[in-house]
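Shown next, in structure tokens, is the structure this report addresses.
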Amino acid sequence: MTSTGDVFLSVSSQAPQSDERRHSMLTPVIEDDEVGTDGQPTDRQEPLYPELNISEDHKKIFMTESKQTEYVPNKTDNDAAEDVVDGPCERLNSDGENFDEIYSDSSCENSDTESKDGDYETDLEFDEEKWLYPERFDIDLTGKAKYVKVCEDMGISPTTYFIKHIQDRELKMKFHGLGPQRMKALSIPLQMNTNIEILNLEGNAIDEDGAICLTKVLRENFFITELVLAENNLRTEGGKAIAEMLINNRNLYRIDLTNNDIGDGASEVFCDVINNNKLLKIMLLGNNCFEDEGAKLFKSAIADNTTLEVLDLSWNNFKNKGATLLAEALQENIGLKSFNLSMAGLGKEGAEAISRALRENRTLLELDISLNRINMEGAIALAKGVKENDTLTVLKCGSNPFDQEGAMEILQAVDMNDSSELKLLDFSNIMVKMNFAKLQCRLQDERGMKIINEGVIPEFARTNSARLTAFRIDPIGTFKHNAGRADVDLGELLVPYLDEEYTIDIKEFKTIIKNTKIDLSSEQINIIALRLALDGRVQCRTLFDIKEGDSESSNENSRVQSPVNTDRSESEGRGSRTNNKMLAPKFVKNHVVST
């Protein structure tokens, strides 16, 4: 018997009585009305494949959907292949049953059921195709059509960039000037979009209302994993709306709310996020308006959290007390890998708390405490923590007032710690000494460290630099000052070589100055000589602060005591120098200004 689920081709209920052998079950069955008066079939068609001879034992022609019963031939397959049946074939199905038994009344009774089963199978096939290939059926998975319709209803033009990149994995719409209205329109397609995973809306003037629209998006959309809202105008209420959404969110692992004027009113909600959201890994809250009251709440949340890996609280309004509380929280935390606390007002007390945290914390890898008013005592405390830490890889402590001495303390602590893992040590805006530079080069070679500083200027180079600057500003004054430091009396040095006009040959002037202990280079002496020279002779009145009238009276006195002819010879020149030597004590006393 056959089951109700079996499906067969419709054939005649009686086998044809013919002497001809059927070559295949595909050969049409001859009906009674097709037999002529002479007993021969009328218009009989030839079999489609007359060359095929199918044995009696191999008449498994129709396959049904029901379970097949095993057919056991009377002979082996080889024997069956050799037998050729001369008489009419016995009509058997694949189960070895007679066709007359198969096409019984019960089979006819179930024909409707079989037809319905076939129809139901066709419906399933259509639904499956629609499910596997939804794009063939014009389904708006990206939300593009709805976005255009919403923009038309709101009376605003759609953002072309958004339409163009609506199917990207990372949507970057930085500084597109969306504003509140466009943000509301944008939230409609984002709810149903399944392509975007990283949504960057930095610098789009999104306010509290825009933040509320985004929270609706993120409650419906389970594909967005990173959200960047930096440089917007969320303020405290908008920050609270985002934080309330984050408490139960299970798809975002990175949130950036930098520079949004979020105040202490949202601190409690963000602490709830830190306590309850176990999937969030990166939270950036830098450059906001959190204060010491918020720091108290953050301390307990950070100390208990074990899942958050990156936290940025830099450039907020913390004072020394609040910053110290955050540093103490770091001492108890066992989850953070990167902590940014720059521009937080740590000071000496905060640096000491950071030092204790570095001695105990074994999970932190990166720490930024730049711009924190850490003095020399704070640097010494930091050095103690660095000396005992074996996990930290990046330490940024530049732009602090501990200067080069504090930087040297920290670098020496790194050198003494053989288990230190530090790879980057940042002393930006701090000048260092030569001994620091030597130690820096050695650590870079031995450990592959990268050490950043403002520059290496040895002490003598700094002195020369200061003197060069002073010389450029006032060469003559610097010359007189350096002569005083070298205990050189310019009056006693130059008066024996001066003529009546208090001048000296430029080459002679250079030679005299070079042979003294005055700290000037040859170039500087040349500059002074050229500055004082007139017609190839150095005018020394400026060096001795002699006015023009004083020069004339001095010349008259010199002429009275030692008259000279107008036609001067070499001997007269020497006599002139002798007369000037006689005036030297009075000259030095009256005109040389001691430095």
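One-quarter of the Cα convex hull surface for region 341-462, in nm²?
With every direction weighted equally, the projected area is 6.5 nm².
Could you order peptides 491-503, 288-300 by the average number of other Cβ atoms within 10 Å of their residues, highest first?
288-300, 491-503
Filter K174/K396; K172/K281; K174/K423; K174/K216 down to the pairs with a C-alpha to C-alpha distance above 25 Å, please.
Exceeds cut-off: K174/K396; K174/K423.
Could you rank the peptides 274-282, 405-413 by their average count of other C-beta atoms within 10 Å per residue, with the highest value first? Spell out each step's value before the answer.
Working: 274-282: 16.7, 405-413: 20.7.
Taking the mean over residues of other Cβ atoms within 10 Å, the ranking is 405-413, 274-282.
Given the peptides 423-434, 348-359, arrange them by the average over their residues of other C-beta atoms within 10 Å, most packed first.
Answer by packing, highest mean first, reads 348-359, 423-434.
In whole angstrom, how long is each semi-axis of the equivalent ellipsoid of region 308-370, when you take the square root of 5 times every eigenvalue of its Cα gyration tensor and sort them from largest down? Walk me through the intermediate numbers first.
On the way: eigenvalues 58, 35, 15 Å².
Square roots of five times the eigenvalues give 17, 13, 9 Å.
I'd like the accessible area for R531: 1.4 Å probe, protein heavy atoms, all chains in place, Å² to the nearest 10.
Counting only protein heavy atoms, R531 exposes about 140 Å² to solvent.
Per-residue accessible area for M449 at 1.4 Å probe radius, Å² rounded to 10?
Number for this one is 10 Å².
Magnitude of the Cβ-charge dipole of region 239-392, K/R +1 and D/E -1, about the Cα centre, nearest 20 debye?
300 debye
Search the structure for amide H atoms under 5 Å from the amide H of N453, placed 1.01 Å from N in the peptide plane, and list their residues when 5 or more places away or on another chain.
Answer set, sorted by chain and number: F427.
With a 1.4 Å probe and every protein chain left in place, tell me how much accessible area H176 has, in Å² to the nearest 10.
80 Å²
The values are calculated or read from the model by the stated rules, or taken from the named source; none is laboratory data. Since this is a predicted model, take the numbers as computed values, not measurements. Positions of Cβ are backbone-derived with ideal geometry, glycine not excepted, and every protein chain shown enters the neighbour counts. Keep in mind that these areas ignore ligands, DNA and RNA; they rest on the heavy atoms of the full protein, side chains included. Shrake-Rupley method; radii C 1.70, N 1.55, O 1.52, S 1.80 Å.
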